[in-house]
Amino acid sequence: MKTAVDCLACFMDQALRVARISSGNEEAHLAVARAVAALLPQMDMDLPPPENSVSVYATIAKITGCRDPYLALKHLSNEQALAVLPELAREVEQSEVPLRAALRLAIAGNIIDYGAMRRLNVEAALAQARTLPFVLDARGQLLEVLTNLPEKSKIVYLLDNCGEIVYDSLVIRCLADMGLSVIAVVKAGPIINDALLADALACGLDRYATIISNGTSCPGTPLRSCAEPFLRAFHEADCVLAKGQGNFETLSEEVAVMTTPVFFLLTVKCPVVGAHLAQLSGKGVDEFPGRGEMVLYCPGYE
């Protein structure tokens, strides 16, 4: 997915918001605004938005001296999700098809995104997720693919945000219970509220999966920049589950040349992403206004 003109305004909005979280110094806020504004004309519009955002967040960190502005919110998101995990795990276990139930809750958890969202109500999103229809729903195809894989087949699960990874653990546990070998992928360094290795370990994902980093501090998976160990796991996978908008934005066109099935799990929080999904799926753009639409999409299974 390419960067759109609307993304430039979003970068400016994010920059000022993060500058104010990072520092109480108004001079720093102005310096960030000016520096990021100077970056915009230099951006490669053919790159996905998450790749262009790397320079934006690096600039903010350099000026404010704060490398991980969302650290406290990340910890809080993890703690809040862990508090309700036992109840959600029971709900999944008691479901007729546990993996289907886990997928719905994990996708609802994708609302925890401090890059795309200003206000979050995770409890409401989870409650709504139990009845909200999917705009794109490839859960049946995903279950078919997974149930036909031999035991110990490799599943690569691309994680997204803190807090959200706790809901992902419901899916990952189901995959492990199916006898599949799961590799859960985090980011190498702080970027927005994306999960790092320490977060995955704190949330217990290592009980059901091997945790690795993709080698980047990008809020997505830009294959051209990823580390070799991750690339080897990615290309050797029997199935890939890519969570969140950032992973969709960076991989939506890359997967066109892949034979491995790649399933995207996300809530749509941006009309630019919605328009791209509409184009790829053949659905009407009005079905993706960017207000939290639930999507499980795999190219070829529209």
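The values are calculated or read from the model by the stated rules, or taken from the named source; none is laboratory data. For clarity, every value in this text was computed on a predicted model and none was experimentally measured. Neighbour counts run over all protein chains shown; Cβ positions are idealised from the backbone, glycine included.
Quick notes on this structure:
- Residue within the range 68-78 that is outside any helix (DSSP H, G or I), buried (at least 19 other Cβ atoms within 10 Å of the Cβ) and touching a Gly at 6+ places or on another chain (Cβ under 8 Å) present: no
- Criterion (closer than 24 Å to A83 by Cβ and either touching a Gly at 6+ places or on another chain (Cβ under 6 Å) or crowded, with 23+ Cβ neighbours inside 10 Å (or both)) met by exactly one of D206, D199, D177: D199
- Answer from Y297, Y301 - the residue that is modelled with pLDDT under 95, among the aromatic types (F, W, Y) and either buried (at least 17 other Cβ atoms within 10 Å of the Cβ) or touching a helix residue (DSSP H, G or I) at 6+ places or on another chain (Cβ under 8 Å) (or both): Y301
- Selection status of K187, without any contact (Cβ under 8 Å) to a residue 40 or more places away in the chain and either surrounded by 23 or more Cβ atoms within 10 Å (Cβ to Cβ) or among the aromatic types (F, W, Y) (or both): yes
- The set of residues in the range 152-170 that are modelled with pLDDT of 95 or more, more than 18 Å from V255 (Cβ to Cβ) and of a type in the set (D, E) contains only D168.
- Top-ranked residue in the range 40-54 [being surrounded by 12 or more Cβ atoms within 10 Å (Cβ to Cβ) and not in a loop (DSSP other than H, G, I, E, B); ranked as nearest to the chain's Cα centre (by Cα)]: P50
- Filter pass, E249 being within 21 Å of T221 (Cβ to Cβ), touching a residue at least 12 places away in the same chain (Cβ under 8 Å), assigned by TED's automatic domain parsing to the domain that holds G220 and not hydrophobic (A, V, I, L, M, F, W, C): yes
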